[in-house]
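This report refers to the structure that appears directly beneath it.
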Amino acid sequence: MSDFDIAVIGAGIVGTSAALWARMRGHRVVLIDPAPPGSGTSSGNACTLATYACLPVNDPSVLRDLPRLLFGRDSPLSVSWRHALPHPGWMLAFLANCRAARSRRIAGHLAALLAHADAGLNPLIEEAGARDLVVARGQLTVWSTAEAAREAEAGLALRRSLGVVAEELTGAEAKALEPGLALPVARAVLFPEARHVRDPEELVRRFHARFEALGGVTVRAAAREVRAMPDRVSVIAGVERIEAARAVIAAGAFSGRIAGAGAARMPLGTERGYHLLYAGEGQRLTRPVGWAEGGFYAVPMARGLRLAGTVEIAGLDAGPDPRRLDYIARRGAELLGPLPAHTSSWLDFRPTLPDALPVIGHSPASERILHAFGHQHLGLTLGGITGRIVADLVEGRRPNLPLDAFSPARRFY
Ligand SMILES: Cc1cc2nc3c(=O)[nH]c(=O)nc-3n(C[C@H](O)[C@H](O)[C@H](O)COP(=O)(O)OP(=O)(O)OC[C@H]3O[C@@H](n4cnc5c(N)ncnc54)[C@H](O)[C@@H]3O)c2cc1C
């Protein structure tokens, strides 16, 4: 008999949620990560449980506006040609998924998964005693120009057709809700069902603490390789060899670097994102505010005011680009008025497939290996439901939602 029923590789929101779900159902689980739980991409995000965010970055407007997006000084999207030219595959597949019909289909699949997000996350929040970390005040999205406000119409109509509740506000109403806004507001929409987490890293830590309190085991080592055999898997992690009945690959943007797991065959890329933290400025807002044209959120959270977002296509190995941080600081001051110097900055790696859908399901390498990565802009929101689906799959149960769109065996463009 193997030492464990399930070895989960990666202790971000996705892996820790999977580990806790499986442990809550009585499985013997080991969680493997060289870093502290929740300290990767799951730590520095925009804190929003964004159940409304079914529109992918892949959108026909990206194709139309590509030159401006790529070369404009005020663009929330940037591409490093040094990275993109030697790796054209991901970028071309991403652009192919920007066609209108594809983009709409992706939105439908994301909406279907997002509809189950709370059912995956809320039981973990209860189990981990983390209700104090979650704030239910909705999310406010603002558009600052009349042209962008007009162009948002089709996306909002699509969201509503997919069941998203979106309340239209005038600029004055938006500013009455959030008096800290300094920007002219041409259009505002409140997504009242959204919530935010006061500290996403602390949320994962609480999940992990509960996992250990229930008898879950943690191994602090990097998994190098997964070897699948007919009756079990071996995970080679640091100097250890861990035997389990099944392995779950949940190492976020780094999942493809684990040999033998079949994840290297997926076109997993990364959309790098940044944040700036202004300690002591958290009282400027009461809920996350997204500035559509700016491509980032301003979020009041436990550590202060966090300005988080933007997309940079530059791979996993390049260091932070200070121009991206300047962009957020400059535009943050447009959104909220003068800000003091930021107290810290952060870069991390959204795990992203070119069709903006996560990979959740059995690896092509072996039925004993499950993939659970690629949650792009939505991992905090979707980690809980992904963990629940993974627990169902390892038990041979059929989850109560269709998974074909998230299959590792799908076409990615
Ligand atoms: C700027 C920004 C804003 C965002 N805002 C939001 C938001 O508001 N709402 C939302 O829902 N999502 C948001 N996201 C997305 C979200 O943060 C990610 O989708 C999510 O954190 C991914 O979680 P993960 O568990 O897959 O990866 P991670 O959190 O990166 O965890 C992966 C873990 O795997 C470990 N690992 C790596 N290699 C190995 C190995 N070989 N062996 C063992 N362990 C390994 C790492 O150490 C890490 O702990 C945002 C992202 C960014 C960058």
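The values are calculated or read from the model by the stated rules, or taken from the named source; none is laboratory data. As the structure is a computational prediction, the values presented were derived from the model and not from experiment. Backbone-built Cβ (ideal geometry, glycine too); neighbour counts: all protein chains shown. Ligands, DNA and RNA are stripped out before the accessible areas are found, and what is left, the full protein with its side chains, is counted by its heavy atoms. Shrake-Rupley method; radii C 1.70, N 1.55, O 1.52, S 1.80 Å.
Summary of values
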| item | result |
| --- | --- |
| Number of the condition not met by Thr141 [criteria: (1) within 19 Å of the chain's Cα centre (by Cα); (2) assigned to a helix (DSSP H, G or I)] | (2) |
| Test for Ala264: is it touching a residue at least 12 places away in the same chain (Cβ under 8 Å) and either in the same structural domain as Arg187 (by TED's automatic domain parsing) or of a type in the set (A, V, I, L, M) (or both) | no |
| Among the residues listed as Arg68, Arg64, Arg150, the single one being at pLDDT 95 or above and assigned by TED's automatic domain parsing to the domain that holds Gly304 | Arg150 |
| Residue that is of a type in the set (A, V, I, L, M), farther than 21 Å from Arg324 by Cβ, open to solvent by 20 Å² or more (accessible area, probe 1.4 Å) and touching a Gly at 6+ places or on another chain (Cβ under 8 Å), where the choices are Ala264, Ala221, Ala250, Ala259 | Ala264 |
| Any chance Val164 is open to solvent by less than 30 Å² (accessible area, probe 1.4 Å), in contact with a Cys (Cβ under 7 Å, 6 or more places away or on another chain) and either outside any helix (DSSP H, G or I) or modelled with pLDDT of 95 or more (or both) | yes |
| Residue match in the stretch 30-43 (condition: charged (D, E, K, R), within 12 Å of the ligand (Cβ to nearest atom) and touching a residue at least 60 places away in the same chain (Cβ under 8 Å)) | yes |
| Residues that are on the phi > 0 side of the Ramachandran plot, within 13 Å of the ligand (Cβ to nearest atom) and outside any helix (DSSP H, G or I), drawn from the stretch 357-413 | Gly374 |
| Total residues in the stretch 117-138, condition closer than 22 Å to Cys54 by Cβ, open to solvent by less than 50 Å² (accessible area, probe 1.4 Å) and outside any helix (DSSP H, G or I) | 3 |
| The stretch 286-298 - residue that is under 16 Å from the mean Cα position of the chain (by Cα) and over 18 Å from Ala146 (Cα atoms) and, of those, most open to solvent (accessible area, probe 1.4 Å) | Tyr297 |
| Checking Ala308 against (1) open to solvent by 40 Å² or more (accessible area, probe 1.4 Å); (2) under 23 Å from the mean Cα position of the chain (by Cα); (3) closer than 30 Å to Ser75 by Cβ, the condition it does not meet | (1) |
| Residue match in the stretch 191-213 (condition: more than 16 Å from the ligand (Cβ to nearest atom) and β-branched (Val, Ile, Thr)) | no |
| Pair list, Cβ < 8 Å and 6+ apart or interchain, from the stretch 131-150 residues that are touching a residue at least 24 places away in the same chain (Cβ under 8 Å) to residues that are aromatic (Phe, Trp, Tyr) and in a loop (DSSP other than H, G, I, E, B) | Gln139/Tyr52 |
| Residue within the stretch 369-381 that is assigned by TED's automatic domain parsing to the domain that holds Val30 and surrounded by fewer than 22 Cβ atoms within 10 Å (Cβ to Cβ) present | no |
